[in-house]
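The values are calculated or read from the model by the stated rules, or taken from the named source; none is laboratory data. Worth saying up front: this structure is predicted, and the values here are computed from it rather than measured. Cβ: placed from backbone, ideal geometry, glycine included. Neighbour counts: every protein chain shown.
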Amino acid sequence: MAAVNYAKQGSVAVLTVDNPPVNALSQPVRQGLLDGIVDAGKDASVRAIVIACTGRTFIAGADITEFGKPPREPGLHGVLDLMEKSTKPIVAAIHGTAFGGGLEVTLCCHYRVAVGAAQLGLPEVKLGLLPGAGGTQRLPRLVGPEKALDMITTGNPIRAKEALALGLVDEIIDGDLTAGAVKFAEKVLAENRPLRLVRDREEKIAAARGKPEIFDNYRKTLRQRSRGFEAPVANLECVQDAVNLPFEQGLKNERERFMKLMTGAQSKAQRYFFFAEREAAKIPDVPKETTERPIRKAAVIGAGTMGGGIAMNFASAGIPVTVIETAQAALDRGLGICRKNYENTAAKGRLTQAQVEERMGLMTGSLDFGAAADADVIIEAVFEEMPVKKQVFAKLDAVAKPGAILATNTSTLDINEIATATRRPQDVIGLHFFSPANVMRLVEVVRGAKTAKDVIATSMSLSKRIGKVAALVGVCDGFTGNRMLAQRTREASALLLEGASPAQVDKVLYDFGLPMGPFAMGDLAGLDIGWRIRKAKGLKSPVADKLCEAGRFGQKTGAGYYKYEGGSRTPIPDPLVDQLIEEAAAAQQIKRRKIDDEEILARCLYPMVNEGAKILEEGLAIRASDIDVIWVYGYGWPVYRGGPMHWADGIGLKQIRDTMEQFRQSHGEQFKVSALLDKLANEGKTFTGG
């Protein structure tokens, strides 16, 4: 089957791309388009050309599997040059998505028509790139530089109706798209419309010339919105060139910036992560054809912060959910917060009031465990203590229907022990949502020793259905994410005693790209949570325990590692904390010293990588890339660094191993190198194959 099929409808040649699943611009598609344009140009009976696509979408972008490989002719630039030189009008017929290179193809056509549901966009920035085939130069000429900046630096698409209003689309087609596009082409011929190229249009960019403030102001926005990312700024510079430079010079600069990004570490990391996210859905020992359990109704036990957020995910996905609490006041408060969250979203224009009511209508409150009797999945989100969890699961075992999935949202506890409270351990699984559960995209799906494979398969697909990214892990203290986080927490605390300040440690990790450092994060979450867990386990943390004993629980009490004044969330370093740290160090006879930022970064992050290696050794994560997915979506690890395991590969595992060994000699056995890290370092290999 040809990747591009050539047919004639009267005087119009129709080139139909057929390259499932998304008609990506692979070499056979590029060759087919080139051949089709040439053939149509030679055929005297052909007066116009339509480019259309089969399947569910127009060309949805470049073939990402070709990135980083030797180029195969014809290149996209050559095809687009040929299209622009066509003496016969070319009409793009757009349905589904015209993304990236797909939209760039349409921008080299003389006209664009689309179905009403079509979306158009340039999402390359999400892979650490910019549109490399003229998109940054042509799009501003059709929609204006301000709208082009929004589309290109966010990567977010627009709908056909907006595209029509902006001038990106010339007509919206009702009914058969190809027939409508042919009819449009015939109208162009009948009206003898000029073959005006997008590259020659000046009216929308001319107005922005001599107004550098447009780009200066947008640059400030990018600094806040895209901190640490290189690609958004490069995209902005290209759009600025489109306004101020001749087209060919802008095109040349775009190409140079594209190649710089393509060969850079950030885009490599973002492209790696693109595939890592998709790979996480594949479970080697759970066959693809595993029959999933139907999920029509859900129940959540607990209406607190986590329970309410989890329930919102189901309601937002159109799944009826019952929220069960033990007290009416707690239930009312929880459902009230859910409504407030939805109404805040509506106030920002992202939901209509009707959608708010529809979602709240799918949420039912109850004080009776029996209300979960008809639920297909029940998620427990109660207090993080084993006796409480087991009590809840014993109750659920008595009321839940046969085949219902019984899930716990525990972040650290042993799911196998929780399952012993039931007579159906095969139905028990961990669904560890991250806070706030209605916002954070990660779910750690935790497989118990007896969890059935259809429960795993159902949980993975259910996570996707409610808008989450799932990664499967095994049972251990803290599972994967929190187990690794504990290493960072330990070292950050030790660094305080040795001479660093909370502000210094936090700044190093913030500058690395994390949303906040460990001490600011502790203050935000509430230091009393960790204190309660430590006391239950008989553990101590010299500084954190002293803060809690003084009633300094973080932002909610106006003081923790930092002080917070006038209700502000801005952390202010506190001399009282410095004094407390010095006293704790003296009590342990630790001589404090000046610690540089490089040591702080290595001490905090290398042990996490080492712990990730242990998790892989123990078979508790399937792939190193799954660990990276967990850290990007669950903990805000900067995607332009690809996740801790990919980042470690870039540093070099030998360097990490050798540094860990130095730390072991100077600080103790907590830095003992894992067998897997040692083996890979000796063999010159990597965790991720990158």
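Quick notes on this one:
- Index of the failed condition, Leu335 passing every other in (1) buried (at least 19 other Cβ atoms within 10 Å of the Cβ); (2) assigned to a strand (DSSP E or B); (3) not small (Gly, Ala, Ser): (2)
- Any hit, the stretch 564-587, residues being part of a helix (DSSP H, G or I), out of contact with any Pro (no Cβ under 8 Å at 6 or more places or on another chain) and under 30 Å from Phe229 (Cα atoms): no
- Hey, Ala544 touching a Leu at 6+ places or on another chain (Cβ under 7 Å) and either in a helix (DSSP H, G or I) or at pLDDT below 90 (or both) or not: yes
- Qualifying positions in the stretch 488-502 - of a type in the set (S, T, N, Q) and over 16 Å from Ser411 (Cβ atoms): Ser493, Ser501
- Only helices (runs of 4 or more DSSP H) whose full extent lies in the stretch 144-222 are considered here, and the ones with at least 3 residues that are surrounded by 14 or more Cβ atoms within 10 Å (Cβ to Cβ) are 145-154, 160-166, 177-190.
- Meets criteria (more than 30 Å from Gly132 (Cβ to Cβ), buried (at least 24 other Cβ atoms within 10 Å of the Cβ) and in contact with an Asp or Glu (Cβ under 6 Å, 6 or more places away or on another chain)) for Ala303: yes
- Considering the conditions (1) assigned to a helix (DSSP H, G or I); (2) surrounded by fewer than 17 Cβ atoms within 10 Å (Cβ to Cβ); (3) over 25 Å from the mean Cα position of the chain (by Cα), Leu601 is excluded by exactly one of them, (3).
- Checked against the criterion of being in contact (Cβ under 8 Å) with a residue 24 or more places away in the chain and assigned to a helix (DSSP H, G or I), the candidates Ala470, Ala536 yield just one match: Ala536.
- Test set (1) farther than 30 Å from Ile456 by Cα; (2) touching a residue at least 24 places away in the same chain (Cβ under 8 Å); (3) not small (Gly, Ala, Ser) - Glu683 fails condition number: (2)
- Hey, Gly100 crowded, with 24+ Cβ neighbours inside 10 Å and at pLDDT 95 or above or not: yes
- Ala503 being modelled with pLDDT of 95 or more and in contact with a Gly (Cβ under 9 Å, 6 or more places away or on another chain): yes
- Criterion: of a type in the set (D, E, K, R), within 25 Å of the chain's Cα centre (by Cα) and at negative phi - qualifying residue of Glu343, Glu325: Glu343
- Any hit, the stretch 48-62, residues being surrounded by fewer than 24 Cβ atoms within 10 Å (Cβ to Cβ), in contact with a helix residue (DSSP H, G or I) (Cβ under 9 Å, 6 or more places away or on another chain) and β-branched (Val, Ile, Thr): yes
A quick yes/no check of all residues on (1) outside the structural domain of Lys161 (by TED's automatic domain parsing); (2) farther than 26 Å from Glu171 by Cβ; (3) in contact with a strand residue (DSSP E or B) (Cβ under 9 Å, 6 or more places away or on another chain); (4) of a type in the set (Val, Ile, Thr):
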position: Val12; (1), (2), (3), (4): no, no, yes, yes
position: Asn23; (1), (2), (3), (4): no, no, yes, no
position: Asp35; (1), (2), (3), (4): no, yes, yes, no
position: Ser45; (1), (2), (3), (4): no, no, yes, no
position: Ala60; (1), (2), (3), (4): no, no, yes, no
position: Pro70; (1), (2), (3), (4): no, yes, no, no
position: Pro74; (1), (2), (3), (4): no, yes, no, no
position: His77; (1), (2), (3), (4): no, yes, no, no
position: Lys88; (1), (2), (3), (4): no, no, yes, no
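- Residue satisfying all of: in the stretch 619-666; surrounded by 21 or more Cβ atoms within 10 Å (Cβ to Cβ) and of a type in the set (Asp, Glu); nearest to Glu279 (Cα to Cα) among these: Asp626
- The listed residue being aliphatic (A, V, I, L, M), more than 20 Å from Asp477 (Cα to Cα) and assigned to a loop (DSSP other than H, G, I, E, B), out of Ala394, Ala375: Ala375
Residues are listed down the side, and each one gets a yes or a no for (1) among the hydroxyl-bearing types (Ser, Thr, Tyr); (2) closer than 24 Å to Ile283 by Cα; (3) under 17 Å from the mean Cα position of the chain (by Cα); (4) part of a helix (DSSP H, G or I):
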{"site": "Tyr606", "(1), (2), (3), (4)": "yes, no, no, yes"}
{"site": "Asp626", "(1), (2), (3), (4)": "no, yes, yes, yes"}
{"site": "Val629", "(1), (2), (3), (4)": "no, yes, yes, yes"}
{"site": "Val632", "(1), (2), (3), (4)": "no, yes, yes, yes"}
{"site": "Gln655", "(1), (2), (3), (4)": "no, no, no, yes"}
{"site": "Asp658", "(1), (2), (3), (4)": "no, no, no, yes"}
{"site": "Phe663", "(1), (2), (3), (4)": "no, no, no, yes"}
{"site": "Ser666", "(1), (2), (3), (4)": "yes, no, no, yes"}
{"site": "Leu676", "(1), (2), (3), (4)": "no, yes, no, yes"}
